[in-house]
1. Would you please state which residues of the stretch 178-197 a label at GLN225 would reach in this model, taking the label point 7 Å out along Cα→Cβ and a backbone N cut-off of under 14 Å?
2. In the stretch 321-364, which residues have a backbone nitrogen under 17 Å from the label point lying 7 Å from SER199's Cα in the Cα-to-Cβ direction?
3. Please report the carbon-and-sulfur percent of the accessible area for the stretch 241-397; probe 1.4 Å, protein heavy atoms only, DNA, RNA and ligands left out.
4. Post the alpha-carbon centroid distance, the stretch 181-229 to the stretch 146-170, in whole angstrom.
5. Please work out how much length the chain gains when fully extended from TRP43 to ASP270, using 0.36 nm per residue of separation minus the C-alpha to C-alpha distance, in nm with one decimal.
6. Tell me the label-point distance for the pair ILE63, GLU188, using the 7 Å Cα-to-Cβ offset, in nm and rounded to one decimal.
Amino acid sequence: MTVAARNGRSTASPLAGSPVAITATARPGSLGGWLSRIPLPKWALIAVAVAVGVVLLLFLICIIRCCCGKKKPRKKERVSLHTVSSPTTASLVQPEVEDLEHDVEQTGRGKLQYSLEYNFRAQELKVGVKQAAELKAMDSRGTSDPYVIAYLTSDVKKKYETKVYRKTLNPVFNESFTFQVSQAEVPESTLVMQVYDFSRFAKHNIIGEVRLPLASISLQHVIEQWSDLAPGSKVKEEQLGEICFSLRYVPSTGKLTVLILEAKKLKRMDSHGLSDPFVKVHIILNRKKWKKKRTSVKKNTLSPYFNEVLVFEVPFSQIQNVDVVISVWDHDKVTKNEPIGKLFLGCRATGNQLRHWSDMLSNPRRPLAQWHTLQPPDVVDKALGLKSHLKLPLPPR
């Protein structure tokens, strides 16, 4: 005790059996005092501090990049057309939009091979549609169903069609057509060959066409050549409307079923801009009217919906000799009913009508529906060449 007192130290010995309390004191408000209150070990506090520091650093880097990262374009890379006074030079740098659209229309449609031969003695022009190549794909699957329509501008009502070739961009047609055209009409006529993409339930889209003014070519010898397809010319023709119907033939019973479904875009026949349409179906046997039936009248509409079934008995022995005439009429109580448009199907038909008829014969007992475009009544009557209106008895089975 004496030695301790001399050294200025004071010690106290704890009482026996009492617990020893060891406390760490720190200044109030210091960082150590604040950390001592967090119930975490020291290594955990260090880890949290490092993570917060990394996040702050990344955030700072992002701010610097967003503010200073965008480089200004060099003066050499800037192109200004305001200083260019010459329109020719400007067009080289930036072509007109119309020129771009014209180039797109002119390319990528394909080409057509054909032949021409004129018989001066018979006054006939023989047109051979050979083949097409590299046609534009019109379907979503990357193909087309092409066929060709050929006609002369001197007689647009006389048109020929090739067969449809499915799922190809390089069809081989090898079909020929003969036009009656006098030598005096040759210089004034233009041969038009249009390539279409066939669609059973929608409007056929034109792929391209070739127009040949006969005055610009020599018909003294046979011509065979290729020509690039140009965009189809927009010639406005009288729109009579369209009609959708199905055909079904059962050979064992001899029943021909015509289901008239609907029509659309019919020609306006009344003064108030509408029509009262109904449909007639005639069966022609050996160019003479044989049987007929009609649907009900739909009032004040240009898009009537019929869904009416007309059944005819046509023996299997006569199915190759009949024509089916579909005609749409405008009903009028006061005056005479007027025809809006017609079309006919059968072995003598052409184009879509012949295809529809052939598909029906190839698929007996199966109804096949298709849209058709109505034609002028006089054109159909002339093509049918009806002899008389006498009814014939039903041929024996």
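The values are calculated or read from the model by the stated rules, or taken from the named source; none is laboratory data. This structure is a prediction, so every number in the text was calculated from the model and none was measured. Virtual Cβ from ideal backbone geometry, glycine too; neighbours counted across all protein chains shown. Each accessible area value is taken on the protein alone, full model and side chains, heavy atoms only, with ligands, DNA and RNA left out. Shrake-Rupley method; radii C 1.70, N 1.55, O 1.52, S 1.80 Å.
1. What the label zone holds, given the 14 Å backbone N cut-off, is 191.
2. 352
3. Carbon and sulfur: 52 percent of the exposed surface of the stretch 241-397.
4. Result: 9 Å between the Cα centres.
5. Contour length minus the Cα-Cα distance gives 72.2 nm.
6. Here the answer is 8.7 nm between the modelled labels.
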